[in-house]
Amino acid sequence: MAVGVLLVGFSGLVFALGRSPRLHRGWTRLVIVSDIGWVAGSAVLMTGWPIDITRSGLAVIGLVAAIVLLFADLQWLGLRRSQRPA
C-alpha cells in the first residue's frame, strides 16, 4: 500500500514537471535518481529478497525495471542535451 501511495505522489511530480514550460534541473535529477533507485530495489528484490516470488512475478519485476531504466537513460540524455550551448 505504501509503495502505491509513493508512486501516486511520484507520478504527480513527474506529470507536473512534464507540463511545466521551464526545465527544473534539480527536480529532473531527483526523478532520475529515483528511477535508478527503483531499478536497484528491483534487482535486490529479484536476487536476494527472502520471499518466494513466482517466475512470472520475477519476469514482471524485471520488465518494469528495464522500462524504468530506459526512462532514466532517456531523461539523463535529455537533461544533458538541454545543457549544451546552441
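The values are calculated or read from the model by the stated rules, or taken from the named source; none is laboratory data. Just so it is clear, the model here is predicted, and its values are computed rather than measured. Here the Cβ positions follow ideal geometry from the backbone for every residue, glycine too, while neighbour counts run over all protein chains shown.
Pick from the stretch 17-49 the residues that are closer than 21 Å to Leu77 by Cβ, aliphatic (A, V, I, L, M) and in a helix (DSSP H, G or I): which of them is modelled with the lowest pLDDT?
Ranking the candidates gives Leu17 first.
Taking the stretch 38-86 only, how many residues are surrounded by 12 or more Cβ atoms within 10 Å (Cβ to Cβ), small (Gly, Ala, Ser) and over 29 Å from Arg25 (Cα atoms)?
The total comes to 2.
Are there any pairs with C-beta distances below 9 angstrom linking a residue in the stretch 54-66 that is at pLDDT 95 or above to a residue that is not in a helix (DSSP H, G or I), with the two at least 6 apart or on different chains, and if so which?
Pairs that qualify, where the first residue is at pLDDT 95 or above and the partner is not in a helix (DSSP H, G or I), are Ile61/Ile53.
Provide a single number: the residues in the stretch 50-81 that are of a type in the set (S, T, N, Q) and either assigned to a helix (DSSP H, G or I) or touching a Lys or Arg at 6+ places or on another chain (Cβ under 8 Å) (or both).
Of the stretch 50-81, the ones of a type in the set (S, T, N, Q) are 54, 56, 75.
Among the residues that remain, those that are also either assigned to a helix (DSSP H, G or I) or touching a Lys or Arg at 6+ places or on another chain (Cβ under 8 Å) (or both) are: 56, 75.
Looking only at that region, the number is 2.
Would you please list the contacts, defined by Cβ atoms under 8 Å and residues six or more apart or on different chains, that run from a residue in the stretch 22-37 that is without any contact (Cβ under 8 Å) to a residue 12 or more places away in the chain to a residue that is aliphatic (A, V, I, L, M)?
Pairs found: His24/Leu17.
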